[in-house]
1. Please verify whether Ser105 is hydroxyl-bearing (Ser, Thr, Tyr) and modelled with pLDDT of 90 or more, treating the condition exactly as stated.
2. Do you know which residues across segment 18-34 are touching a helix residue (DSSP H, G or I) at 6+ places or on another chain (Cβ under 6 Å) and either surrounded by fewer than 14 Cβ atoms within 10 Å (Cβ to Cβ) or not assigned by TED's automatic domain parsing to the domain that holds His55 (or both)?
Amino acid sequence: MGMQDTIRIFADKMYAYRTEMGLTQEELAELLGLDNSYVSLLERGARVPSLISLHRIAVAFGVRPHDLLAEDEKGRKFSFRKKELTYIVHKAGPEKIDRIYRIISVLREPVFKKTK
């Protein structure tokens, strides 16, 4: 994978994260303290972010900078909600994990349905 591939991955993920969060380019630019046109250039792959900008973008999306640069595993579609849930569980203590598990147990569909 070359530099151009990494730039394309970054641009695609930046667009996907922003749209899944329901933000316009202008809103994201304001949140990041960047110029609107710069955000547009980043999403089109026409510019490469500085390390400082990469860090700001990752923090705004709640992901690691690496997540913005790495290709997803084949067949896995990006999901901001899944990423956020993973982060919440990762940061949770034992009591909160137990509570999360109980909630999910109630909400999930049974894997095996009983047949008569």
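The values are calculated or read from the model by the stated rules, or taken from the named source; none is laboratory data. As the structure is a computational prediction, the values presented were derived from the model and not from experiment. Ideal geometry is used to build each Cβ from the backbone, glycine not excepted, and the neighbour counts take in all protein chains shown.
1. The answer is no for Ser105.
2. Glu26
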